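A short write-up of the structure that comes next.
What follows draws every value from the coordinates through simple rules; no lab data is involved. All of these numbers come straight from a predicted model, not from anything done at the bench. Every residue, glycine as well, gets a Cβ built from its backbone with ideal geometry; the counts of neighbours run over all protein chains shown.
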């Protein structure tokens, strides 16, 4: 069955060239009218496309016109309809980051890769870590910490020496960034339905920002993180190179 396709692209020249070629080769509709959204760019743009189009409930098939392309398929102009028809589905649920700033303002943001807390000044952050209402670390002295989904576990989380999580594992990674105290704490693997509360101690003296994917909030006092099942998105991958296999392969790269 022929699928109605919406093409979206980053502003990069490679992505814009691909957009022009594909729009001439295949009929294109708007995202709200489409059966599938084809995103052209890199991993950063793929996350942007997810955030912009999640409300339409359409599956998203990415083609790499960026650098790494972990969340994307290879770029090919031919046989797109066949590739879409045979693509493998992966369901991703984002983290909801509920922030309270030091002025008392609350706002929600969403991260399909991770939620990260980062110190804003030369001084280390002091963060109290609570899991499901129970304090697990009274004071984590660090450059920051992050909570990663399985899809995001090979991104910033991996650079911070966090664990790689298989897709469908139903767990999250809680990973410190350059922890000074407790010196030997390397993080935790937590059930997906866990609520994590990160309270900033001495927040006026040691300010911290919170980031969900690309959305940053500065001068935070407390951050609550949990999975949001209402904003699930379906990504499509070529059947011979799906996301589950990519994440598995990352565990065997020397």
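Once the mean 1/r over all distinct Cα pairs of region 19-73 is inverted, what Kirkwood radius in angstroms do you read off? Could the numbers behind the result be given before it?
Working: mean 1/r = 0.0867 Å⁻¹.
Every distinct Cα pair counted, the radius reaches 11.5 Å.
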> Within region 83-120, what residues put their amide N at less than 20 Å from the label point 7 Å along the Cα-to-Cβ vector of residue 239?
Replying inline: 83-91
> For region 95-230, what's the relative contact order in percent, using C-alpha pairs closer than 8 Å and at least 6 residues apart?
Replying inline: 33 percent
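How would region 39-101 be classified by its alpha-carbon gyration tensor: rounded, prolate or oblate, with rounded meaning a/c under 1.5 and the a/b versus b/c comparison settling the rest?
Values: a/c = 2.69, a/b = 1.74, b/c = 1.55.
In terms of gyration-tensor shape, prolate.
Classify the chain as rounded, prolate or oblate from the Cα gyration tensor: take a ≥ b ≥ c as the square roots of its eigenvalues, call it rounded if a/c is under 1.5, otherwise prolate when a/b beats b/c and oblate if not. Before the final figure, lay out each step's value.
Numbers: a/c = 2.29, a/b = 1.96, b/c = 1.17.
The shape class here is prolate.
Output the peptides 34-42, 79-87, 52-60 sorted from most to least packed, where packing is the average of other Cβ atoms within 10 Å over each peptide's residues. Let's see the in-between values first.
On the way: 34-42: 23.6, 79-87: 14.8, 52-60: 16.9.
Ranked from most to least packed, the peptides come out as 34-42, 52-60, 79-87.
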> Restricting the count to DSSP beta bridges whose residues both fall in the chain, what percent are antiparallel, rounded to a multiple of 5?
Replying inline: 80 percent
> Roughly how many Å is it from the Cα centre of region 60-83 to that of region 166-180, as a whole number?
Replying inline: 28 Å
>> Apply the a/c threshold of 1.5 to the C-alpha gyration tensor of region 31-151 and tell me whether it is rounded, prolate or oblate.
In response: prolate
> Which whole-number percentage describes the relative contact order of region 87-141, with Cα contacts under 8 Å and a sequence gap of 6 or more?
Replying inline: 22 percent
>> Sort 114-127, 195-208 by the packing proxy (mean of other Cβ within 10 Å over each peptide's residues), most packed first.
In response: 114-127, 195-208
> Which whole-number percentage describes the relative contact order of the chain, with Cα contacts under 8 Å and a sequence gap of 6 or more?
Replying inline: 21 percent
>> What distance in nm lies between label points placed 7 Å from Cα along the C-beta direction at residue 218 and residue 3?
In response: 4.1 nm
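Run the helix sum for the chain: -39,500 (n - 2.57) per DSSP H stretch of 4+ residues, divided by residue count, reported at 222 nm to the nearest 500 deg cm²/dmol.
Details: 5 runs with 43 residues, N = 254.
Value at 222 nm, helices only, nearest 500: -4500 deg cm²/dmol.
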